[in-house]
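Visitor: Have a look at the structure that comes next, please.
The values are calculated or read from the model by the stated rules, or taken from the named source; none is laboratory data. All values reported here derive from a predicted model rather than from experimental measurement. Here Cβ is always computed from backbone atoms with ideal geometry, including for glycine, and neighbour counts include all displayed protein chains. When the accessible area is computed, the model is the full protein with side chains, heavy atoms only, and any ligands, DNA or RNA have been set aside. Shrake-Rupley method; radii C 1.70, N 1.55, O 1.52, S 1.80 Å.
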Amino acid sequence: MATYRASAGGQSYRFSGLSSLLAAASPRRSGDELASLAAQSDTERVAARYALADLPLASFLAENVVPYETDEVTRLIADTHDAEAFAPFSTMTVGGFRDWLLSFEADAHTLKAGARGFTPEMIAAVSKLMRNQDLIAVSRKCTVISTFRNTLGLQGRLGTRLQPNHPTDDLKGIAVAILDGLLNGAGDAVIGINPATDNMQNSARLIGMLDELRQAYRMPTQSCVLTHVTNTIRLIEMGAPVDLVFQSVAGSQTANEGFGINLSILKEAQEAALSLGRGTVGNDVMYFETGQGAALSANAHHGVDQQTMEARAYAVARHFQPLLVNTVVGFIGPEYLYDGKQIIRAGLEDLFCGKLLGLPMGCDACYTNHSEADQDDIDTLITLLTVAGVNFIITVPGSDDVMLSYQSASFEDLTFLRKNLGVRPAPEFETWLLEMDLIRLSGGRALPNYPRDRMLGMVDAVGLAS
Amino acid sequence: MSAPANLFGNLRTLTPSRVGVATADGTAPTRSVLDFQQAYALARDAIHEPLDAAGIARAVAPLPSRLVRSQTPDRGTYLRRPDLGRRLHAECLIDLPAIGCDVVFVVADGLSARAVEQHVAPVLKLAVERLEGWSVGPVVIASQARVAIGDEIGACLGAEFCVVLIGERPGLSVSDSLGVYITRKPAIGRMDSDRNCISNIHANGGLSHAQAAAKIAWLLKQARKIGQTGVTLKDEMVEGVIEHGAV
């Protein structure tokens, strides 16, 4: 294990191993403090950043932060590394890489070409040397397109998951929330329900309901019931109309075992969904969720800081060509991301790391009530994410998820972003919204139209008319 | 153009969600912004309410109970140090001798003492009624506790199954939601994938006490049959399609 040295403020510091160097260089984070990995002082933190800046990127190919022999995520990262794509970067230091990322030379094309040459650890490392502004500027340059029944990730577009959760999965209650979302033009990334229980019949019923609704209106979008991957495999076997396979993933084998999964289960699920051939524009069938702190909460972080572990989760995700990757950034609680400042920073880091690694990255800009965060922080984060070119965000009625008990962005927030930043829905979905008269284009802005007759008709059609 | 706010009138009764907020301009009106802030304030306050453990002990009588606490000294530490909330305070070990039992129910405050006070006693009573022939250990009431504290408690008592009833984190619509976690062969180090969860037990459109108790009993019996809890134990309870019901 290599030792790294640097001094700051007249004091010298040493860091043994890449993991401790990365952790010490990480912005202050309650999860790293919980794991006793964080820098002991601000001066030590900046010393670690000096050391990291001088480190050759190639060091990350020589030293694994989690052992190769015992961890299938490390093996996946190492065995799928594209040396040819890495060649142009092979003599850069981490600091030099940051400068290159911010240069004109780094554009959508060169970033895409490099993606398979970057490892999660390299990207996590460079993110620690970047200010929020840098993360936004580079994320914005990356375009990652994914397709199923529409095209997500195009420049100038912002997708949304319409999240219509209900505390007991009541079909009418869910239908009302979907209606609200559609009237506000949400739902192009996915209409996705977190079921209140993992009961199989219940999930089958929800999937059936979503599919009927989609077909009734010929909506160019996809649906998902976010249940465990093994349940989804069984639902596919039962003949349920499954569009997307959902699963939470993390950055180590043991953390994934904590989720009850491994790479071969994910592969099996992907193949099962592909066999249904339900995509029309494309066949990206996987939907992954991640979040900083997931590995630590399963005590499966191997002494690695939570932001680096999060980037490793993206290596798992990109192996399965996902349609959607969603970092649920403030969901896990204050023991990992303490306040609005940490949540905002983490959201931008995750977007940056995900996009650079070639993922169709979205973000659930959210917080729980025991975090030191509120809706103002979500306003800030969704604005920054949209400027940074996030593929999609999560939207729930009135920002309040009544099943999961946390707060995210609302449908009105989507209108705010469309109005003020000019982002539009996925093109196929936008065409549908226009045909349905649900939105109008005003000065290039897609704004809700709220056509009374159409709304009443939809109330009728989803079986809600009294 | 007509605001969803007008359209949604009666539809609002179908869900506790904040549907149909937008004005005709697609913005959230003042009233709804303030209502949201009020709900947020109530949820924040609920997190800090202490558990009346002695009151719970009285409420679950005649079932015998034991009062224990985690290694967490206060609420602020509880929020930042989940590891301490998962472990028993050393002085409590003496109250949990290895008696051996089929199932132990652990009541934990979690993030909502209010949820525990509202729902634990009736759920527990109904669940125990459905477990005829099972030996049930003393109810262990744990303060400043997280789910995994049940692993240590279950291991101390020598229970085959541990059922943790815990206050879920307060949301804006519900600040008294109870969650249940069932773990076979509880022991320190169990993973989330070893457990089965029942969530959203509350009166605002959540699971009723009777529904929750039935599901606990079904999962326990099924877990005993297959010798496992966690991701391999699928909830295939036929009545499991939950109806929208009051507690």
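Visitor: Quick one: which residues, 5 or more positions from B:S143 or on another chain, have an amide H under 5 Å from its amide H? H modelled 1.01 Å from N in the peptide plane, none for Pro or chain starts.
Guide: When sequence neighbours closer than 5 places are left aside, the close amide H contacts are B:V68, B:R69, B:S70.
Visitor: Find the centroid of the Cα atoms in the stretch A:261-323 and in the stretch A:1-73, then give the distance between the two in whole Å.
Guide: The distance from the Cα centre of the stretch A:261-323 to that of the stretch A:1-73 comes to 26 Å.
Visitor: Something else: Can you give me the Cα centroid spacing of the stretch B:136-175 and the stretch A:104-167 in angstrom?
Guide: Their Cα centres are 41 Å away from one another.
Visitor: In addition: Based on the alpha-carbon gyration tensor of the stretch A:3-141 and its eigenvalue square roots a ≥ b ≥ c, which shape applies: rounded if a/c is under 1.5, prolate if not and a/b is larger than b/c, or oblate?
Guide: oblate
Visitor: Using Cα atoms only, what is the angle between the long axis of helix A:42-53 and the major principal axis of chain A, expressed in degrees (0 to 90) to the nearest 10?
Guide: 90
Visitor: If I model a spin label as a point 7 Å beyond the Cα along the Cα-Cβ vector, how far apart are those points for B:E49 and A:Q201 in nm?
Guide: Each label point lies 7 Å from its Cα, and together they span 3.5 nm.
Visitor: So for the stretch A:216-282, taking the charge dipole from beta-carbon charges (+1 Lys/Arg, -1 Asp/Glu), which of A:N256, A:L235, A:T221 sits furthest toward the positive end?
Guide: With unit charges placed on the Cβ atoms, the residue in question is A:T221.
Visitor: Report ³J(HN,Hα) in whole Hz for each residue of the stretch A:381-396, in order, from the Karplus equation J = 6.51 cos²θ - 1.76 cosθ + 1.60 where θ = phi - 60°; Gly and Pro get x.
Guide: Rounded to whole hertz, the list is 5, 5, 5, 5, 4, 5, 4, 7, x, 4, 5, 7, 10, 8, 10, 10.
Visitor: For the stretch B:53-232, treating each Cα as an identical point scatterer without solvent, what Debye log10 I(q)/I(0) comes out at q = 0.13, 0.15, 0.18 1/Å?
Guide: The Cα Debye sum returns log10 ratios of -0.57, -0.78, -1.17.
Visitor: With a 1.4 Å probe on protein heavy atoms only, work out how much accessible surface A and B bury together, total over both chains, in Å² to the nearest 100.
Guide: Buried area between the two chains comes out at roughly 5000 Å².
Visitor: As a test of the formula, what do you get for chain B when each DSSP H run with n ≥ 4 contributes -39,500 (n - 2.57) and the sum is divided by the residue count, at 222 nm and rounded to the nearest 500 deg cm²/dmol?
Guide: -10000 deg cm²/dmol
Visitor: Rounding to the nearest 10 and keeping the result within 0 to 90°, find how far the Cα-based axis of helix A:132-141 lies from the longest principal axis of chain A.
Guide: In chain A, helix A:132-141 runs at an angle near 60 degrees to the longest axis.
Visitor: Follow-up question, since we're still on this one. With just the Cα atoms defining each centre, how far is the stretch A:330-367 from the stretch B:1-74? Give it in Å.
Guide: Taking the Cα centre of the stretch B:1-74 as reference, the centre of the stretch A:330-367 is 25 Å away.
Visitor: Describe numerically, in nm with one decimal, the distance between label points set 7 Å from Cα along Cα→Cβ at B:D102 and at B:A24.
Guide: Using points 7 Å along Cα→Cβ, the separation is 6.5 nm.
Visitor: Would you please classify the overall shape of the protein assembly as shown from the alpha carbon gyration tensor, given that a ≥ b ≥ c denote the square roots of the eigenvalues, rounded means a/c under 1.5, and beyond that prolate means a/b larger than b/c while oblate covers the rest?
Guide: Note, shape of the protein assembly as shown comes out oblate.
Visitor: Still on this structure, I have one more. I'd like the orientation of helix A:340-356 relative to chain A: the angle between its Cα long axis and the longest Cα principal axis, in ° from 0 to 90, rounded to 10.
Guide: Tilt of helix A:340-356: around 90 degrees.
Visitor: Could you state the accessible area per residue of the protein assembly as shown in Å², with a 1.4 Å probe and every protein chain left in place?
Guide: So the protein assembly as shown comes to 35 Å² accessible per residue, rounded to a whole number.
Visitor: Now for a different question. Quick one: plug the Kirkwood hydrodynamic radius of the stretch B:1-152 (C-alpha pairs) into Stokes-Einstein at 4 °C, 1.567 mPa s, and report D in µm²/s.
Guide: In µm²/s, the coefficient is 70.
Visitor: Take the Cα gyration tensor of the stretch A:413-458, multiply each eigenvalue by 5, square-root it, and list the three semi-axes largest first, rounded to whole angstrom.
Guide: 19, 12, 8
Visitor: Can you list the residues in the stretch A:386-406 whose accessible area drops by at least 50 Å² when all protein chains are present, compared with the chain alone? Use a 1.4 Å probe, heavy atoms only.
Guide: A:D400, A:V402, A:S405
Visitor: Residue separation times 0.36 nm, minus the C-alpha to C-alpha distance between A:E69 and A:S90: what's the value?
Guide: Result: 5.1 nm gained on full extension.
Visitor: Which is farthest toward the positive dipole end of the stretch A:311-466 among A:S399, A:G340, A:V316, measuring Cα position about the Cα centre, with Cβ charges +1 (Lys, Arg) and -1 (Asp, Glu)?
Guide: Value: A:V316.
Visitor: A further question on this structure: Ignoring ligands, DNA and RNA, what percent of the accessible area of the protein assembly as shown is carbon or sulfur (1.4 Å)?
Guide: Answer for the protein assembly as shown is 50 percent, counting heavy atoms of protein chains only.
Visitor: Still on this model: Pick out, from A:Q133, A:Y4, A:H81, the residue whose Cα sits farthest towards the positive end of the charge dipole of the stretch A:3-141, with +1 on the Cβ of Lys and Arg and -1 on the Cβ of Asp and Glu.
Guide: Positive-end residue among those listed: A:Q133.
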